[in-house]
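These notes concern the structure reproduced below.
The values are calculated or read from the model by the stated rules, or taken from the named source; none is laboratory data. Small disclaimer: the values here were computed from a predicted structure and weren't measured. Here the Cβ positions follow ideal geometry from the backbone for every residue, glycine too, while neighbour counts run over all protein chains shown.
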Amino acid sequence: MKTAVKMIVTNAALLALGAGSAFAAPAATANVSVDSPYYSYIEKLSAMGYLDTMPNGAKPYSRMQMAQWVVQAQDKAEAKPMPKYLADEVDALARYVAPEVATLRGEKTEDTLKLRSVSLTAAAQLSDTPRHSYSPAVNAGWQTFGANRNGYRYGRDGNGILEAEISGNIGHETAISLRPRFSWDKDNDFSVSLEEGYIKTRAGIWAFEAGKEALTWGQGETGSLALGHNMRPLTSIQAHFIEPQKVGGFFRFLGQADVHLFYGFLEGDRADQAKAHGRTDYDDAGLLGIRADFSPTSYFTFGLARLSMLGGDHNGLDSSDWGHWLYGRNDDAAKDRWDDIAGGDFRLTLPGATFYGELYGEDQSHYLPSKIAWRAGLYLPKLTHDGSWDMTLEMADTSDAWYSHQRFQNGWTYHDAIMGDSMGRDARKYYGAVRHYLPRESSIGLYAMRTEMERSNSIYPKVTVNEFGLTGQKKIGQNVYLNGIVGYANVENADFKIHTDHDKFATATVQWRY
């Protein structure tokens with residue numbers, strides 16, 4: 001990215017760091033995992049005009065932030081009645097964050113550690129090739145219907161998955177969250193893992209977290225260009241505002257400011273992974289992220305972010321390196337000790353339409369402009385008068401410089417998955433989805449997505465993926481939900497060989513939400 005852009009990111013964060021030091025902060029609460037269905041509820045409420053503050057592009061949101069939007073929607077509904085399907089979603093959200101809503105309403109409550117959800121999933125992936133590879137420039141794999149699932153890879157044929165979430169407060173200032181997962185499939189037999197697990201506390205307006213948690217920075221429905229949950233949740237330490245803070249003084253036109261910083265720990269065997277493919281990389285490299293979000297109005301938000309993969313065994317930064325990193329100078333390939341992605345994203349909600357986008361750059365040497373990647377989206381929340389039908393249209397594009405690096409030769413990857421958008425480098429993606437909402441939190445949707453990969457290479461056959469899916473949710477009992485996907489995809493020139501794979505996919509999940 002241009003040095004100027006990276007300096008804007010850093011300066012914007014420093015501006016926000018001093019924005020809210022005089023303001024009181026609520027108690028620390030656990031976060032709502034980024035794959036929760038409640039995020040779609042919040043986005044719908046915002047687009048329909050029921051929220052006074054704009055949800056920004058840095059996720060996850062805390063339970064207290066969700067509760068604030070619930071209170072806003074409930075209050076707004078007194079003057080602007082909601083359609084039944086939307087009122088049912090607000091009621092469900094209100095039950096989910098009931099202790100936090102009660103606190104905001106002036107009641108003295110305590111949100112103790114408790115079981116939040118249990119889900120049981122049966123999935124079948126019938127494919128000619130269960131896992132596909134990117135070009136040699138990126139050492140990772142991908143699956144049809146497998147993106148943005150916290151790095152989980154489906155095995156051939158049948159899969160059984162049991163997941164649970166336990167979270168809550170242990171005292172007024174500390175929250176914890178645990179998400180164990182038990183799974184079985186033909187390829188991996190039985191496995192047990194901790195999908196997420198972290199502890200969170202606060203000091204003043206700042207929240208501090210340590211542990212394993214999925215993060216997404218961006219606005220896309222199908223992924224995030226720089227940082228998303230296509231990969232396994234990253235183990236990291238974080239510091240961020242416990243809630244967005246109002247900016248005062250000369251910069252009050254920026255409205256609310258939010259700041260996030262983290263340092264994540266990448267794999268300890270990156271060098272061995274690279275060596276197996278005739279490349280080099282560095283064990284225990286890190287991922288450093290800084291992001292500042294601003295919401296000047298209730299209908300517009302934008303964020304600026306910088307992410308750096310850096311360091312690692314025998315690749316440490318000295319004092320001059322850190323100076324170069326701070327003001328954005330990159331050295332030649334032989335001396336380059338970090339890989340940057342930097343840029344910004346936005347969301348603008350107008351009556352009847354929401355526009356969103358991302359524009360990021362992959363770093364280059366000697367202050368030259370980077371090759372960019374972008375995403376542009378349009379959300380139409382009211383295809384019908386009551387909003388019971390809506391539509392999303394999205395397009396994204398990456399250049400041939402993306403997700404690869406001359407020094408970190410595994411690429412922008414973590415545990416065999418790209419840390420950004422699963423479409424990979426030198427790719428273009430087209431996406432369209434239509435959804436219909438019914439009372440009792442039920443919905444049905446249809447989407448189509450086309451991804452053209454490695455578009456400019458002249459060595460391998462170009463890969464094209466056409467994916468179609470039917471999605472749905474049905475509330476089948478008190479706090480019991482049935483979710484499912486049925487889909488088909490064809491992969492032309494799969495793994496850069498002249499043939500076409502035909503993939504069928506189906507999944508059904510029963511979830512108990514408490």
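Got a sec? Which of Y96, Y85 is in contact (Cβ under 8 Å) with a residue 40 or more places away in the chain, surrounded by fewer than 22 Cβ atoms within 10 Å (Cβ to Cβ) and under 21 Å from N479 (Cβ atoms)?
On inspection, the qualifying residue turns out to be Y85.
Rundown of residues vs (1) closer than 30 Å to E362 by Cβ; (2) in contact with a Phe, Trp or Tyr (Cβ under 6 Å, 6 or more places away or on another chain), yes/no style:
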position	(1), (2)
G424	yes, yes
V434	no, no
P439	no, yes
S442	no, no
R455	yes, no
S458	yes, no
V463	yes, no
F468	no, yes
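Report yes if some residue within segment 438-457 is at pLDDT below 95 and polar (S, T, N, Q); otherwise report no.
Yes: segment 438-457 contains one or more residues that are at pLDDT below 95 and polar (S, T, N, Q).
Since T112 meets every condition but one in (1) surrounded by fewer than 20 Cβ atoms within 10 Å (Cβ to Cβ); (2) touching a residue at least 60 places away in the same chain (Cβ under 8 Å), which condition does it not meet?
Status for T112: all satisfied but (2).
For S319, only one of the following conditions fails: (1) polar (S, T, N, Q); (2) surrounded by fewer than 16 Cβ atoms within 10 Å (Cβ to Cβ); (3) in contact (Cβ under 8 Å) with a residue 60 or more places away in the chain. What is its number?
(3)
Exactly one of these conditions fails for Q273: (1) in contact with a helix residue (DSSP H, G or I) (Cβ under 6 Å, 6 or more places away or on another chain); (2) part of a helix (DSSP H, G or I). Give me its number.
Status for Q273: all satisfied but (1).
So which residues in segment 177-198 are touching a Gly at 6+ places or on another chain (Cβ under 6 Å) and of a type in the set (A, V, I, L, M, F, W, C)?
L178, W184
Every residue in segment 52-77 that is aliphatic (A, V, I, L, M), farther than 25 Å from E195 by Cα and crowded, with 22+ Cβ neighbours inside 10 Å, please.
M54, V70, A73
Can you pull out every residue in segment 403-417 that is closer than 18 Å to L288 by Cβ and not aromatic (F, W, Y)?
Listed by number, the residues that qualify are H405, R407, N410, G411, T413.
Looking at T103, is it surrounded by 15 or more Cβ atoms within 10 Å (Cβ to Cβ), modelled with pLDDT under 95, closer than 25 Å to N169 by Cβ and of a type outside the set (K, R)?
yes
Residue-wise test of (1) crowded, with 19+ Cβ neighbours inside 10 Å; (2) within 30 Å of E394 (Cβ to Cβ); (3) modelled with pLDDT under 95.
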site: D185; (1), (2), (3): yes, no, yes
site: S191; (1), (2), (3): no, no, yes
site: T216; (1), (2), (3): yes, yes, no
site: G220; (1), (2), (3): yes, yes, no
site: F241; (1), (2), (3): yes, yes, no
site: A257; (1), (2), (3): yes, yes, no
site: H260; (1), (2), (3): yes, yes, no
site: A276; (1), (2), (3): no, no, yes
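Can you run down the residue pairs with Cβ atoms below 8 Å, 6 or more apart or on separate chains, where the first is in segment 167-195 and over 24 Å from P130 (Cα atoms) and the partner is of a type in the set (F, W, Y) and surrounded by 13 or more Cβ atoms within 10 Å (Cβ to Cβ)?
Matching pairs, first to second residue: I176/Y198; S177/Y198.
Going through segment 364-394 one residue at a time, which ones are at pLDDT below 95 and in contact with a strand residue (DSSP E or B) (Cβ under 9 Å, 6 or more places away or on another chain)?
Residues satisfying the conditions are Q364, P369, S370, K371, I372.
For residues that are hydrophobic (A, V, I, L, M, F, W, C), part of a loop (DSSP other than H, G, I, E, B) and crowded, with 22+ Cβ neighbours inside 10 Å, tally how many sit in segment 393-421.
Total satisfying the criteria: 4.
Working only within segment 372-392, note down all residues that are buried (at least 20 other Cβ atoms within 10 Å of the Cβ) and charged (D, E, K, R).
Selection gives R375, D390.
Evaluate the following for F265: is it under 20 Å from N56 (Cβ atoms) and either in contact with a Gly (Cβ under 8 Å, 6 or more places away or on another chain) or charged (D, E, K, R) (or both)?
Against the criterion (under 20 Å from N56 (Cβ atoms) and either in contact with a Gly (Cβ under 8 Å, 6 or more places away or on another chain) or charged (D, E, K, R) (or both)), F265 does not qualify.
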